[in-house]
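The structure appears below as structure tokens.
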Amino acid sequence: MSVQITIVGLGQIGSSIGLALKAHGVNVHRVGHDKDPQAGKEAQKLGAVDDVKYNLPASVREAKIVILALPLAEVRETLRIIAPDLQEGTLVLDMAPAKATVEAWAKELLPPGRYYVGLAPAINPEYLHGTDFGVQAARADLFERGLIVVNAPMGTPANVFNLTMELVSLLGALPLLMDTTEADGIYAGMHVLPQLVAAALLDTTVDQPGWQEARKLAGRPYAAVTAGAAYHDDVLSLAETALENRENVVRLLNAYINSLINLRDEIEDKDRKAVLARLTGAWEGRVRWLDERLAAEWLKGEAQQIDAPSFGDRVNQMLFGGMLADRQKQRK
């Protein structure tokens, strides 16, 4: 019988994980769960999972690996519900952008002998401007030409760590080791701040004086900037992520506000040279970043060759074949 991997949350990330496992020939049984039954049906029709189980505890009971592809606001409760039904030796992975918070929840809620490692994907640059979301945005190559950050808590057994690295490679991504402090600092700037900026622009304009006419004229620049509030985290999860990572978020908001104040002062002073220099620098910085992201030079020569068909056998061997011995081999 094939090793079972359960994917909880069948949106873009969760369904893409299932598609990538299939595309790379990984010999596992993919079980999916989503609180929205229609999402589960669509994911199965797409081929992202082999089976869908609508009862959450039942979906993880036979799993050797459980992947939580959920908004942050749903992760803690999900961990609480599934914890009693996880087999000893099960590996739990999550994709939420608040690694220190989820690591603390896992430590609190998972029984002894169940393992947690945090992941966070940087997707294929070809899909950076996509406006689809949910199952419709799932792609088998979503993680190719991208990175997946790996946050392994102190004390993670070597076999669990190695298995996580293999799984990331089998999704088509390059694993990038990072501690939670560094990861949360980066996520605050690259994931949370853009969404808060979008929310602030909407708060500044929607239903404010002049909006009745402005809404008819708002075009591509407005749509592009406010998209950050439309295609990513739900409102509750964005709020929770900002609050849980508040030290980093406040620091970055202060820097952003300072930049806006400087720009405002330059415009107010009619300092054309300063305004032009600031805007030119910003434009050139974006062009340089996007060129570098598309080229992905950091990936060259780094791909790890993994035997996909035998991955399930290694899951059994690494997680369940020698658990007593594995407990002695801690990753310091």
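The values are calculated or read from the model by the stated rules, or taken from the named source; none is laboratory data. Note that the coordinates shown come from a computational prediction; the quantities given were computed from them, not determined experimentally. Cβ sites come from the backbone with ideal geometry, for glycine too, and all protein chains shown count toward neighbours. Surface areas here come from the heavy atoms of the whole protein model, side chains and all, with no ligands, DNA or RNA. Shrake-Rupley method; radii C 1.70, N 1.55, O 1.52, S 1.80 Å.
Out of the residues in the stretch 220-269 that are more than 21 Å from the chain's Cα centre (by Cα) and among the basic types (K, R), which is modelled with the lowest pLDDT? Going through the qualifying residues, I end up with R220. Would you be able to say whether some residue in the stretch 140-153 is within 23 Å of V26 (Cβ to Cβ), in a helix (DSSP H, G or I) and in contact with a helix residue (DSSP H, G or I) (Cβ under 9 Å, 6 or more places away or on another chain)? Checking the stretch 140-153: not a single residue is within 23 Å of V26 (Cβ to Cβ), in a helix (DSSP H, G or I) and in contact with a helix residue (DSSP H, G or I) (Cβ under 9 Å, 6 or more places away or on another chain). Scanning the stretch 52-84 for residues that are open to solvent by less than 30 Å² (accessible area, probe 1.4 Å), within 22 Å of S237 (Cβ to Cβ) and among the aliphatic types (A, V, I, L, M) returns L56, V60, V66, I67, L68, A69, L70, L72, V75, L79, I82, A83. Being of a type in the set (S, T, N, Q) and out of contact with any strand residue (DSSP E or B) (no Cβ under 7 Å at 6 or more places or on another chain) is the filter; apply it to the stretch 1-57 and report the residue that is nearest to D132 (Cα to Cα). Here the answer is Q12.
Taking the criterion of being farther than 28 Å from T226 by Cβ, part of a loop (DSSP other than H, G, I, E, B) and open to solvent by less than 40 Å² (accessible area, probe 1.4 Å), the residues of the stretch 90-136 that qualify are T90, L110, P111, G113. For the stretch 106-116, does any single residue satisfy the condition of being under 14 Å from the mean Cα position of the chain (by Cα) and either among the hydrophobic types (A, V, I, L, M, F, W, C) or over 26 Å from W298 (Cα atoms) (or both)? So far as the stretch 106-116 goes, no, none of its residues is under 14 Å from the mean Cα position of the chain (by Cα) and either among the hydrophobic types (A, V, I, L, M, F, W, C) or over 26 Å from W298 (Cα atoms) (or both). Taking residues in the stretch 47-63 that are of a type in the set (D, E, K, R) and modelled with pLDDT of 95 or more, and partners anywhere that are surrounded by fewer than 18 Cβ atoms within 10 Å (Cβ to Cβ) and not in a helix (DSSP H, G or I), the pairs with Cβ atoms closer than 7 Å and at least 6 places apart or on different chains are D50/H29. Only one entry of Q44, Q38, Q87 meets the criterion of being closer than 19 Å to D234 by Cα and open to solvent by 30 Å² or more (accessible area, probe 1.4 Å), and that entry is Q38.
K300: at pLDDT 70 or above, of a type outside the set (V, I, T), open to solvent by 90 Å² or more (accessible area, probe 1.4 Å) and under 30 Å from V28 (Cβ atoms), yes or no? Criteria met by K300. Of the residues making up the stretch 270-286, just one is of a type in the set (D, E) and either surrounded by 13 or more Cβ atoms within 10 Å (Cβ to Cβ) or within 25 Å of the chain's Cα centre (by Cα) (or both), namely D271.
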